[in-house]
Amino acid sequence: THWKHGGIVGVFGYGGSVIGRYCDQPQQFPGVAHSHTVRVSQPGGKYYTTKYLKDICDLWELRGSGLTNMHGSTGDIVPIGTTTPQLRRKFYELDPNLNQDLGGTGSNLRTPSDCLGTFPCEYACYNTQALCYAMTMGYRDELHRPALFPKINFKFDGCPNYCVASISRSDMSFIGTWKDDIRIDQKAVQALYRRRAETQCRRTFRPRL
């Protein structure tokens, strides 16, 4: 293709987070002489507010092409297509205004990602967001400053339902399992079935007016 790696491009202080893309014919295609891809860390469990999504889209409309991948195979928000001078300006708006950090790329730790966790999901066997956050903070230097020969991925599944596909998408997979027999509140289950039966009965034998 006409895309080539033309050297290292990034944000000052960050060795990773930007995938440099240069066209090998910049004179013929000046509009895409640079078309870098930026990786932005996703929030834990990928919980977004509509305001946050709007702010990300508005920022990329201003500083890039407006094309965004939600999410890449690593798990990041991936704004696609910008020029070298815009990278630092984008970072200055991401960090203080959106309280958002960059993700990982290159020969280093890639951005860890996790499932929804114990808050909405009854199947999660551990707090995936807490562990993902702890690992991210513990290996933050490896995330932003490539020091490894290969890349490495952490992914966190709360249970064997495997919603994050941690085995196929990472090098180090964390999957929650029960340590003992599954505990079931039989009285609560029976009460639930009674309520369902009563509701169904009312629907079936609804009196005619």
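The values are calculated or read from the model by the stated rules, or taken from the named source; none is laboratory data. Please read these numbers as outputs of a predicted model, since none were measured by experiment. Reconstructed Cβ throughout: ideal geometry from the backbone, glycine too, with neighbour counts over all protein chains shown. Surface areas here come from the heavy atoms of the whole protein model, side chains and all, with no ligands, DNA or RNA. Shrake-Rupley method; radii C 1.70, N 1.55, O 1.52, S 1.80 Å.
Residue pairs whose Cβ atoms lie under 7 Å apart, sitting 6 or more positions apart in sequence or on different chains, and linking a residue in region 42-55 that is not assigned by the TED database to the domain that holds residue 124 to a partner that is open to solvent by 40 Å² or more (accessible area, probe 1.4 Å), are 42/71; 44/129; 44/133; 45/116; 45/129. Of all residues in region 140-160, those being open to solvent by less than 100 Å² (accessible area, probe 1.4 Å) and either assigned by the TED database to the domain that holds residue 18 or farther than 27 Å from residue 120 by Cβ (or both) number 8. No other residue among 75, 13 is part of a loop (DSSP other than H, G, I, E, B), surrounded by fewer than 13 Cβ atoms within 10 Å (Cβ to Cβ) and touching a residue at least 40 places away in the same chain (Cβ under 8 Å) apart from 13. Look at (1) surrounded by 16 or more Cβ atoms within 10 Å (Cβ to Cβ); (2) in the same structural domain as residue 21 (by the TED database); (3) in contact with a strand residue (DSSP E or B) (Cβ under 7 Å, 6 or more places away or on another chain) and you find that residue 131 fails only one, number (2). In region 19-40, the residues that are free of Cβ contacts under 8 Å to residues at least 40 places away in the same chain never reach a residue that is of a type in the set (Asp, Glu) and open to solvent by 40 Å² or more (accessible area, probe 1.4 Å) with C-beta atoms less than 7 angstrom apart, at least six apart or across chains. Flag: residue 104 does not match the condition of being modelled with pLDDT under 80, closer than 27 Å to residue 138 by Cβ, within 20 Å of the chain's Cα centre (by Cα) and buried (at least 21 other Cβ atoms within 10 Å of the Cβ).
For region 85-101, the count of residues that are open to solvent by 40 Å² or more (accessible area, probe 1.4 Å), in a strand (DSSP E or B) and not assigned by the TED database to the domain that holds residue 154 is zero. Among the residues examined, residue 122 qualifies as on the phi < 0 side of the Ramachandran plot, surrounded by fewer than 20 Cβ atoms within 10 Å (Cβ to Cβ), assigned by the TED database to the domain that holds residue 162 and out of contact with any Gly (no Cβ under 9 Å at 6 or more places or on another chain). Here residue 69 passes the criteria (1) surrounded by fewer than 16 Cβ atoms within 10 Å (Cβ to Cβ); (2) under 29 Å from residue 149 (Cα atoms); (3) touching a Lys or Arg at 6+ places or on another chain (Cβ under 9 Å) except the one numbered (3).
Among the listed residues 115, 163, which satisfies the condition of being open to solvent by 80 Å² or more (accessible area, probe 1.4 Å), of a type in the set (A, V, I, L, M, F, W, C), within 21 Å of residue 45 (Cβ to Cβ) and at pLDDT 85 or above? Going through 115, 163 in turn, the sole match is 163.
Put simply, of 123, 193, 133 the only residue that is over 19 Å from the mean Cα position of the chain (by Cα) and assigned to a helix (DSSP H, G or I) is 193.
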